[in-house]
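One structure below.
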Amino acid sequence: MARGGVNKAVVHKARQALLARGEHPSIDAVRIEMGNTGSKTTIHRYLKELDSDHPGHDSPQISVDDELLQVVSHLSQRIQEQGQARIDEALSRLEARERLMREAVAQAERQLEELTTQHSRQTAELQQQGSALLATSNALHAQQTENARLSQACQDLDTRLQDRDAQIRSLEEKHLHARDALEHYRSAVKEQREQEQRRHEGQVQQLQMELRQAQQSASIRQDEITQLNRDNERLLIEARNTRREHDELGDQLQKSEIRIGQLSERSQQAHQQCALMEVRLSTSQRENDQLGQQLTEQRQQNRLLELLLAKAEVTMENLRVSQVNDTPKPES
């Protein structure tokens, strides 16, 4: 293989220097003269070209022995050249194999580096997955504990809700009983009022009839009439008070007051039966007082029942609000 700087002129110069010193220009001598550079094959080719260009010009007359020595040297040179050619070929193959081996080693080193990097990455990923798995396991344990706590809390809330439902049902039953009792009491009071109103209207009508009869004979005693007028005024005042307390009997009491006023205007003609009227009016007053007292008691009982009913409703509302507040909200 020719190397940079080795050419025919350089070989020719080295050959001429050897011949000038009386030395044989062999391949090795020329190569040494050139500083151990150049391929022997190339040097041999250039020497053959120089020999063909200058046959017998550069060499003087030599003897048979010298000629034989030259032949032997030439054969030795050819053998060396062929051996060197084989060696160069073997070196070329070896260099090619070495180059392939280096490329293979470099590729193997790159693959090893890639595998090392991949192994490091996989190791890091495994460590991360292990850490994540540990964190997930801890979170799962905490979640299971929290689920158990929430389950127990739900059971406690269910028990409390059942107790509250039982209390609410009991209160609702009591409320229904109280409402039924109140309705029954109101019906009874209404019926009693209607009966008393009918009875009072009958009494008023009877009094009206008696007053009309007494109008024809009421001119006896002026003093008694004066006293009767006072009694009538008192009755009017009491009737007005009774009317304020008994709204349902307002119209009837107003009619009674009108009738009593008419009786007062015509009382001058009722002197003969004023004593009887006084007794009956006193009886009517007592009955009115009794009615007023009964109505007052009934109103008090109604207020008491209404207060109890309101209290029961407030208690039920508080229980419903407490039940709503105690109910756990679903988590986001």
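Throughout, read-outs are computed from the coordinates displayed, never taken from laboratory work. On a predicted model such as this, the values are computed, not experimentally measured, just so you know. Neighbour counts run over all protein chains shown; Cβ positions are idealised from the backbone, glycine included.
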- line: Listed by chain and number, the residues whose amide H is under 5 Å from that of HIS24, excluding neighbours fewer than 5 places away on the same chain and using placed H, are none
field: Potential extension, ALA166-VAL105 segment - 0.36 nm per residue separation minus Cα distance
entry: 13.2 nm
- prompt: From the square roots a ≥ b ≥ c of the eigenvalues of the alpha-carbon gyration tensor of the range 70-188, which class results: rounded (a/c under 1.5), prolate (a/b over b/c), or oblate?
  reply: prolate
- prompt: If you add up the charges near LEU305, with Lys and Arg at +1 and Asp and Glu at -1, over every other residue whose beta carbon is less than 12 angstrom from its beta carbon, what do you get?
  reply: +2
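At R0 = 35 Å, how high is the FRET efficiency between THR226 and ARG303 if r is their beta carbon distance? Nearest 0.05 is fine. Walk me through the intermediate numbers first.
Numbers: r = 42 Å, r/R0 = 1.20.
Step by step, r from the Cβ atoms, then E = 0.25.
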query: Can you give the FRET efficiency for ALA139 and GLU114, using 1/(1 + (r/R0)^6), R0 = 35 Å, r = Cβ-Cβ distance, to the nearest 0.05?
result: 0.45
task: For LYS48, list the lysines whose Cα falls under 17 Å from its own Cα; do not include residues on the same chain fewer than 8 positions away.
output: LYS8, LYS13, LYS40
Partners for LYS311 among lysines (Cα-Cα distance below 27 Å; same-chain residues under 8 apart left out): LYS174, LYS190
Approximate spin-label separation ALA148-LEU18, in nm, with each point projected 7 Å along Cα-to-Cβ: 10.2
message: Give me the net charge for the shell around LYS40: Cβ to Cβ below 9 angstrom, other residues only, Lys and Arg +1, Asp and Glu -1.
response: -2
query: Rg and Dmax of the range 154-198, Cα atoms, in Å?
result: 18.9, 63
